Amino acid sequence: MKVNAFAVQEPKGKLESYSYELGDLGAEEVDIKVSHCGICHSDLSMINNEWGMTIYPLVPGHEIIGEVINAGPAVKNLKVGDKVGLGWLSASCMSCSECMDGSQHLCSNNEATIVGRHGGFADKVRGHWSWAIPLPDKIDLAKAGPLLCGGITVFNPIILAGVKPTDAVGVIGIGGLGHMALKFLKHWGCEVIAFSSNPDKKDEILAMGASKVVNSRSPEELASIAGTLSFILNTTNVTLDWNSYLTCLKPKGKFHTVGAVLEPMAIPAFSLIMGEKSVGGSPIGSPELTKTMLDFCVRHDIYPTVEEFPMEKVNEAMTHLEEGKARFRIVLKN
């Protein structure tokens with residue numbers, strides 16, 4: 001089967017029309033006709049080979065919404081015509097301890113949708129049935145794509161940390177990831193403190209449901225909420241004064257990062273020890289948790305704030321992202 005796509009041939013190159021043939025469909029695989037595909041900052045990192053694992057040509061795209069058009073004979077729980085989403089992972093071994101424990105996203109033999117294979121900047125994409133997540137009937141297909149990667153990335157920490165509706169919590173960085181975290185936590189029932197370095201975003205952040213916006217560059221404002229938060233989620237990928245945020249946590253508070261900070265994080269031991277505080281991190285989430293998140297989104301009408309571009313204008317969309325102009329996620333439409 002022929003796939004029509006957009007691929008990049010070299011680091012920092014432009015996306016160009018590209019066609020390739022899919023081989024025989026595996027017994028447990030499905031082919032998906034792509035209707036929408038979100039653009040994640042990870043796509044840009046892969047295009048530029050920032051993580052040293054890109055294989056060219058590369059067809060990016062891993063926030064995929066579409067319809068099953070082919071299903072192998074051993075596929076379970078899906079059939080041709082079903083609406084599904086495919087995220088960062090497209091397969092896992094389904095036999096290791098992590099997979100058998102329901103933590104397929106931690107499988108050491110998992111297969112990422114755009115690592116060593118081609119993704120969703122295309123008219124079709126292929127994956128294992130277990131990672132083709134069935135979509136709720138009433139979901140908005142045009143806005144759902146970013147939930148498959150960015151959404152589950154910030155939803156999983158809420159579960160891991162055992163966040164309660166009565167908690168006061170914080171989110172660092174109200175961008176592509178952070179604005180979704182803010183919406184989730186607001187509907188979770190929490191008081192949400194947004195940490196932002198951009199004062200121009202304040203009214204918009206409050207409208208999304210933040211209880212308060214704290215200037216992350218102001219030591220005085222950070223000091224004003226010392227010892228008040230049960231949970232802080234970092235969504236930024238830059239080095240910050242981590243201790244100033246640990247100071248905002250209550251005793252037994254949890255600091256969690258999903259931002260891919262490349263430099264070692266300076267965490268003073270006594271900031272953890274004296275308050276029994278902890279620091280953690282996580283990638284995406286399991287297929288089952290992703291389904292739960294999508295149901296939660298439909299129940300509470302939670303969606304990322306998106307800008308839509310036609311697939312053929314993918315380079316314009318990538319430039320919009322790279323220049324920091326996206327508010328707050330970009331979705332490509334076929």
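The values are calculated or read from the model by the stated rules, or taken from the named source; none is laboratory data. Predicted, not measured: the structure shown is a model, and the values here were computed from it. Don't worry about glycine lacking a Cβ; one is built from the backbone with ideal geometry, like all the others, and counts go over all protein chains shown. Protein only, heavy atoms only, side chains kept; ligands, DNA and RNA dropped before computing areas. Shrake-Rupley method; radii C 1.70, N 1.55, O 1.52, S 1.80 Å.
Checking each residue in segment 123-154 for being crowded, with 24+ Cβ neighbours inside 10 Å and in a loop (DSSP other than H, G, I, E, B) picks out ALA132, CYS149.
Only one of ILE65, ILE32, ILE47 is among the aliphatic types (A, V, I, L, M), in contact with a helix residue (DSSP H, G or I) (Cβ under 6 Å, 6 or more places away or on another chain), closer than 24 Å to GLU312 by Cα and open to solvent by less than 50 Å² (accessible area, probe 1.4 Å); which? Outline the logic, then answer.
Numbers: ILE32 fails: in contact with a helix residue (DSSP H, G or I) (Cβ under 6 Å, 6 or more places away or on another chain); ILE47 fails: in contact with a helix residue (DSSP H, G or I) (Cβ under 6 Å, 6 or more places away or on another chain).
Only one candidate qualifies: ILE65.
Just for segment 99-157: of the residues that are among the polar types (S, T, N, Q) and within 20 Å of PRO60 (Cβ to Cβ), which one is nearest to the chain's Cα centre (by Cα)? By that ranking, first place goes to THR153.
Does LEU233 qualify as being surrounded by 19 or more Cβ atoms within 10 Å (Cβ to Cβ) and in a strand (DSSP E or B)?
It is true that LEU233 is surrounded by 19 or more Cβ atoms within 10 Å (Cβ to Cβ) and in a strand (DSSP E or B).
Taken over segment 259-307, residues that are without any contact (Cβ under 8 Å) to a residue 12 or more places away in the chain, closer than 30 Å to ALA226 by Cα and in a helix (DSSP H, G or I) amount to 3. Taking the listed residues GLY120, GLY116, the one that is open to solvent by less than 20 Å² (accessible area, probe 1.4 Å), part of a loop (DSSP other than H, G, I, E, B), more than 18 Å from GLU288 (Cβ to Cβ) and out of contact with any Pro (no Cβ under 7 Å at 6 or more places or on another chain) is GLY120, with no other qualifying.
Restricting attention to segment 189-212, and to residues there that are surrounded by 18 or more Cβ atoms within 10 Å (Cβ to Cβ), of a type outside the set (Gly, Ala, Ser) and closer than 14 Å to ALA168 by Cβ, which single residue is farthest from the chain's Cα centre (by Cα)? Applying the filter and picking the extreme gives GLU191. Among the residues here, TYR20 does not qualify as assigned to a loop (DSSP other than H, G, I, E, B) and aromatic (Phe, Trp, Tyr). The residues of segment 227-264 that are more than 15 Å from ILE193 (Cα to Cα) and hydrophobic (A, V, I, L, M, F, W, C), listed by number, are VAL238, LEU240, TRP242, VAL258, ALA260, VAL261, LEU262.
Filtering segment 1-28 to residues that are open to solvent by 20 Å² or more (accessible area, probe 1.4 Å), in contact with a Ser or Thr (Cβ under 9 Å, 6 or more places away or on another chain) and under 28 Å from GLY72 (Cα atoms) leaves LYS2, ASN4, PHE6, GLU28. Filtering segment 96-106 to residues that are crowded, with 20+ Cβ neighbours inside 10 Å and among the hydrophobic types (A, V, I, L, M, F, W, C) leaves only CYS99. With respect to GLU312, is the statement that it is over 16 Å from LYS183 (Cα atoms), of a type outside the set (Ser, Thr, Tyr), open to solvent by 30 Å² or more (accessible area, probe 1.4 Å) and in a helix (DSSP H, G or I) true? The answer is yes for GLU312. Of all residues assigned to segment 187-210, none qualifies as being touching a residue at least 60 places away in the same chain (Cβ under 8 Å) and either in contact with a Pro (Cβ under 8 Å, 6 or more places away or on another chain) or not in a helix (DSSP H, G or I) (or both). Close Cβ contacts (under 9 Å, 6 or more residues apart or on different chains) running from residues in segment 115-139 that are closer than 13 Å to SER35 by Cβ and at pLDDT below 95 to residues that are in a loop (DSSP other than H, G, I, E, B) and polar (S, T, N, Q) are absent.
Pull up segment 160-183, narrow it to residues that are in a helix (DSSP H, G or I) and of a type in the set (A, V, I, L, M, F, W, C), then point me to the one that is nearest to LYS250 (Cα to Cα). Give the steps one after another, and end with the answer.
Filtering segment 160-183 down to residues in a helix (DSSP H, G or I) leaves 160, 178-183.
Subsequent filtering for residues that are of a type in the set (A, V, I, L, M, F, W, C) retains 160, 180-182.
On the way: LEU160: 18, MET180: 24, ALA181: 20, LEU182: 20 Å.
Among those residues, the one meeting the criterion is LEU160.
Residue by residue, here is whether (1) within 25 Å of GLU312 (Cα to Cα); (2) in a loop (DSSP other than H, G, I, E, B) holds:
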position: ALA7; (1), (2): yes, no
position: GLY61; (1), (2): yes, yes
position: ASN77; (1), (2): no, yes
position: VAL80; (1), (2): no, yes
position: HIS105; (1), (2): no, no
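Is it true that some residue in segment 82-95 is surrounded by fewer than 23 Cβ atoms within 10 Å (Cβ to Cβ), within 26 Å of GLU316 (Cα to Cα) and hydrophobic (A, V, I, L, M, F, W, C)?
Quick first cut of segment 82-95, residues surrounded by fewer than 23 Cβ atoms within 10 Å (Cβ to Cβ) only: 82-84, 91, 93-95.
Restricting the remaining residues to those that are within 26 Å of GLU316 (Cα to Cα) gives none.
No, segment 82-95 has no match at all.
The residue pairs whose first member lies in segment 218-237 and is within 15 Å of LYS254 (Cα to Cα) and of a type outside the set (D, E, K, R), whose second member is open to solvent by 50 Å² or more (accessible area, probe 1.4 Å) and not in a loop (DSSP other than H, G, I, E, B), and whose beta carbons are closer than 6 Å, counting only pairs six or more residues apart or on different chains, are GLY227/LYS250; SER230/LYS250; PHE231/LYS254.
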